[in-house]
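Colleague: Structure provided below as structure tokens; questions to follow.
The values are calculated or read from the model by the stated rules, or taken from the named source; none is laboratory data. Quick caveat: nothing in here was measured; it's all calculated off a predicted structure. Please note: Cβ atoms are built from the backbone with ideal geometry, for glycine as well, and neighbour counts cover all protein chains shown.
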């Protein structure tokens, strides 16, 4: 409880982070409750195409007469879901590999470092495009593809943290009393290594949302679901006549990513006070 | 004695912090004559380095601020100069060398570039003149193979050589005053003496004044003419080297001398002054040294003693020293 | 070039070889992972997907051989830059890529130059005004740009500068049918480059601004800055020489890491602006389900990143004399 209080006290000091948390809460509420409170199917043709915002429909209709607000609300769900799941999976993979490599060192470590270096050479977005194209777009493939291109950075970070901790006195003490390795890794070092990892993986949600929007903009989104990137892709063809159609979902992406980044910085201030630069 | 090269009058430096204002230097006055070496002595936290930085107005602002005082260099008040005029003084009339030459030299520029910069800036030398002068300066400070060294980077040099380079850089414009802030602390013991000899020799040769900031009384005994002892931002004693070593009046000075290694005649292995410098936020109400002073009387805890002239050029800030007769 | 430097370059070049081989092997893996092989796809596209015909194709492609043989054949072909045929366009994949690569490189290099130069300048300016209004405004702007999807920014810039203001072209690399030559051609391409390069570069401007600012503040805390002040140098000279040279080091390191990311961004930006580069080719390959072409692009773009990283390493060596090329 006291730790939670100090966390909040430190977090609160960053005003941007507080604003980000508020904005994120609103966006989350819209994505979770929106489709329930505003139950229009985003694929239904509800009116004439190209109806202006604030006219018959709150945000107008798109090229096919679909309700844009319904698309925004449902698309938010998809973007946030994929963003969170992809970054969670990438974190789990990355932390598992990084922890083992950092703790044991030697050959396992070499292998991991070669692999992450290798992944750093492959343009991640192009790889994600190829992966989704090979396995056909769906929520699962898009999530997996983003996780596959994201885990190496977490692995590097986790490895560094574990290397920093593995020879500390408390770890040597645990070894001396014969504690098994898995227990040292999971219960002793992990809690100490976690704060910077939490920060990076929260920021990764933002990157994942940007990647997802890029993929669905290229037509690599789940064909059964609306997403913000897809809406921009559709609106692109009518940019000349109805620019707002592309503008609205883009603003939503921008606000969401901005809010997550602000929260990430606040987490950094609150969890890693040592790392804080002036 | 002619007019002093440097005359510091009532210098005070403050730092703003979230916990309140810190008075790092209070009402400090001293002067240095031509060809003279003045040692500013004290433990870390005594304000001696801050005072040195304040002379060139190098205190970062915010949070620091020179709240009062005058610094007269050959009669000209540096505190009244514009920023541009001041830059003409820095590195030209008054130069500075620092504790750790590795940190004080820019790692990505060659020695020639870093010394040459001063020559170009203040003396307007051309490129070819600069190279010749840099080599000449390096030779002056005893750097072997100066032509070769000039083209190298700080990391190519040993600690002693780096400090020699710093000295060469400081002397490039033949300044009237050299400020040496713990110039040998970061160096090997064997190199320390060489660097001190060098500074001493160059002082004689160039006839400049030297302000030596140090915590090491061994160095003071070897190189300084006069000594100013500082404690918690204030001057507590001043005198010639002979006077200070033979007849220290302030208990703190005696403590420092006692802590110095060569004073072990009475059998004590190493007498440290007990306690530490008080936190700037919890200054005692009376004499700031009273909590650590073995000789303190009730009066010491009630009021801060004034700095009293006890002889020509001899000052002490202690109630006990006033009553105490000479000898 | 000094001998040590030459050896360093040579050794770095040799280090590239295993990475390229690994990328090739990875490509083969992806190809095998894809449901249906090249024969299935081609037969399907040719419209007579009888079992016999597909089998015949499979023999032609060597797909009936054991996996390790296929792998060796594949690797052998890659080493001679034979990336196979684009199924639909019936053109060697490598020809299509070589045709498009220059346009992508022009776009990427312009974007990175813009980002590095502008980002560094703004970062230094912000660091020198730390905590003041200008610094805060720069920080907010950087945060906003950092959160903006590049492809959407591109569309919005088209709306503003091409549709509303009508002062810049909305797409393509040159004016169609104008047939400019020489300088006029260069100017024409530059004219078309402005919007895509800005779109692609702006995100990195934000990154470099933030990084340079933090790096400068870090350097400002170091002792040699005090030395520089004690020498009588002005704050401007200190910022743009002593501080900048040191602050650049982490920025250059990051530039190397960012190149792969930049290539990904250019896929989207090229699609938005119809810029005839690799990214646009990715989009076309996606439309036509041309997996061979996609994998070829992945391979070549990875090689481009590897080479770019090599260049960055060499630049770093030039900037930091402490790097010893052992």
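Colleague: Which of the numbered conditions does residue A:25 fail, given that it passes all the others? Conditions: (1) in contact (Cβ under 8 Å) with a residue 60 or more places away in the chain; (2) part of a helix (DSSP H, G or I); (3) loosely packed, with under 15 Cβ neighbours inside 10 Å.
Modeller: Result: residue A:25 passes all but (1).
Colleague: Also, I was wondering about something else. Here are some residues: C:317, C:264. Which one is modelled with pLDDT under 90, at the interface with another protein chain (Cβ under 7 Å from one of its Cβ atoms) and either outside any loop (DSSP other than H, G, I, E, B) or buried (at least 22 other Cβ atoms within 10 Å of the Cβ) (or both)?
Modeller: Going through C:317, C:264 in turn, just one is modelled with pLDDT under 90, at the interface with another protein chain (Cβ under 7 Å from one of its Cβ atoms) and either outside any loop (DSSP other than H, G, I, E, B) or buried (at least 22 other Cβ atoms within 10 Å of the Cβ) (or both): C:264.
Residue by residue, here is whether (1) more than 25 Å from residue C:18 (Cβ to Cβ); (2) touching a residue at least 40 places away in the same chain (Cβ under 8 Å); (3) within 14 Å of chain C (Cβ to nearest Cβ); (4) touching a helix residue (DSSP H, G or I) at 6+ places or on another chain (Cβ under 8 Å) holds:
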site	(1), (2), (3), (4)
A:76	yes, yes, no, yes
A:81	yes, yes, no, yes
A:85	yes, yes, no, yes
A:94	no, yes, no, yes
A:107	no, no, no, no
A:113	no, yes, yes, yes
A:137	yes, yes, yes, yes
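Colleague: Tell me, please, whether a residue that is in contact (Cβ under 8 Å) with a residue 12 or more places away in the chain, surrounded by 19 or more Cβ atoms within 10 Å (Cβ to Cβ) and more than 14 Å from chain C (Cβ to nearest Cβ) can be found in segment A:172-181.
Modeller: No, segment A:172-181 contains no residue that is in contact (Cβ under 8 Å) with a residue 12 or more places away in the chain, surrounded by 19 or more Cβ atoms within 10 Å (Cβ to Cβ) and more than 14 Å from chain C (Cβ to nearest Cβ).
Colleague: I want to confirm something. Restricting to segment A:206-223 and keeping residues that are surrounded by fewer than 24 Cβ atoms within 10 Å (Cβ to Cβ) and at pLDDT 90 or above, which single residue is nearest to residue A:151 (Cα to Cα)?
Modeller: Residue satisfying both the conditions and the ranking: A:207.
Colleague: If only one of A:98, A:83 is buried (at least 19 other Cβ atoms within 10 Å of the Cβ), under 17 Å from the mean Cα position of the chain (by Cα) and in a helix (DSSP H, G or I), which one is it?
Modeller: The match here is A:83.
Colleague: Still on this structure: From A:226, A:238, A:263, grab the single residue that is in contact (Cβ under 8 Å) with a residue 24 or more places away in the chain, surrounded by fewer than 23 Cβ atoms within 10 Å (Cβ to Cβ) and touching a helix residue (DSSP H, G or I) at 6+ places or on another chain (Cβ under 8 Å).
Modeller: The unique qualifying residue is A:238.
Colleague: Just need a number here: residues in segment C:227-236 that are surrounded by fewer than 20 Cβ atoms within 10 Å (Cβ to Cβ), in a helix (DSSP H, G or I) and facing chain B (nearest Cβ under 10 Å).
Modeller: Quick first cut of segment C:227-236, residues surrounded by fewer than 20 Cβ atoms within 10 Å (Cβ to Cβ) only: C:234-236.
Remaining after also requiring in a helix (DSSP H, G or I): C:235-236.
From what is left, the residues that are facing chain B (nearest Cβ under 10 Å) are C:235.
Total meeting the criteria: 1.
Colleague: Out of curiosity, is residue C:294 facing another protein chain (nearest Cβ under 8 Å) and part of a helix (DSSP H, G or I)?
Modeller: Yes: the conditions hold for residue C:294.
Colleague: Quick one: residue C:185 ticks every box in (1) more than 11 Å from chain A (Cβ to nearest Cβ); (2) outside any helix (DSSP H, G or I); (3) over 30 Å from residue B:173 (Cα atoms) except a single one, so which number is it?
Modeller: That leaves (2) as the condition not met.
Colleague: Shifting gears a bit: Give C:239, C:197 a once-over and let me know the one that is in contact (Cβ under 8 Å) with a residue 40 or more places away in the chain, on the phi < 0 side of the Ramachandran plot, surrounded by 20 or more Cβ atoms within 10 Å (Cβ to Cβ) and within 24 Å of the chain's Cα centre (by Cα).
Modeller: Only one candidate qualifies: C:197.
Colleague: Out of C:169, C:102, which single residue is within 26 Å of the chain's Cα centre (by Cα) and assigned to a loop (DSSP other than H, G, I, E, B)? Before you say what the answer is, go through the steps one by one.
Modeller: Working: C:102 fails: assigned to a loop (DSSP other than H, G, I, E, B).
Exactly one residue qualifies, and that residue is C:169.
Colleague: Given the options C:248, C:222, name the one that is at pLDDT below 90, at the interface with another protein chain (Cβ under 10 Å from one of its Cβ atoms), within 16 Å of residue C:128 (Cβ to Cβ) and buried (at least 21 other Cβ atoms within 10 Å of the Cβ).
Modeller: C:248
Colleague: Looking for whichever is farther than 28 Å from residue B:202 by Cα, in contact with a helix residue (DSSP H, G or I) (Cβ under 9 Å, 6 or more places away or on another chain) and assigned to a strand (DSSP E or B) here; the options are B:24, B:39. Which one fits?
Modeller: Details: B:39 fails: farther than 28 Å from residue B:202 by Cα.
One residue alone meets the criteria, B:24.
Colleague: Yes or no: residue A:164 at pLDDT below 90, farther than 24 Å from residue C:307 by Cα and within 11 Å of chain C (Cβ to nearest Cβ)?
Modeller: Judged against the criteria, residue A:164 is not a match.
Colleague: Would a scan of segment A:33-41 turn up a residue that is over 19 Å from the mean Cα position of the chain (by Cα), at pLDDT 75 or above, part of a loop (DSSP other than H, G, I, E, B) and over 28 Å from residue A:82 (Cα atoms)?
Modeller: Checked segment A:33-41: no residue is over 19 Å from the mean Cα position of the chain (by Cα), at pLDDT 75 or above, part of a loop (DSSP other than H, G, I, E, B) and over 28 Å from residue A:82 (Cα atoms).
Colleague: Taking segment B:56-98 only, how many residues are buried (at least 18 other Cβ atoms within 10 Å of the Cβ), part of a helix (DSSP H, G or I) and in contact with a strand residue (DSSP E or B) (Cβ under 7 Å, 6 or more places away or on another chain)?
Modeller: 2
Colleague: Go through (1) within 12 Å of chain C (Cβ to nearest Cβ); (2) more than 16 Å from residue B:116 (Cα to Cα); (3) in contact (Cβ under 8 Å) with a residue 12 or more places away in the chain for residue B:156 and report which single condition fails.
Modeller: (3)
Listed here are the residues, each with its yes/no results for (1) without any contact (Cβ under 8 Å) to a residue 24 or more places away in the chain; (2) within 9 Å of another protein chain (Cβ to nearest Cβ).
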{"position": "B:95", "(1), (2)": "no, yes"}
{"position": "B:99", "(1), (2)": "no, yes"}
{"position": "B:106", "(1), (2)": "no, yes"}
{"position": "B:147", "(1), (2)": "yes, no"}
{"position": "B:167", "(1), (2)": "no, no"}
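Colleague: Would you mind finding the one in C:147, C:142, C:126 that is crowded, with 18+ Cβ neighbours inside 10 Å and without any contact (Cβ under 8 Å) to a residue 12 or more places away in the chain?
Modeller: The conditions single out C:147.
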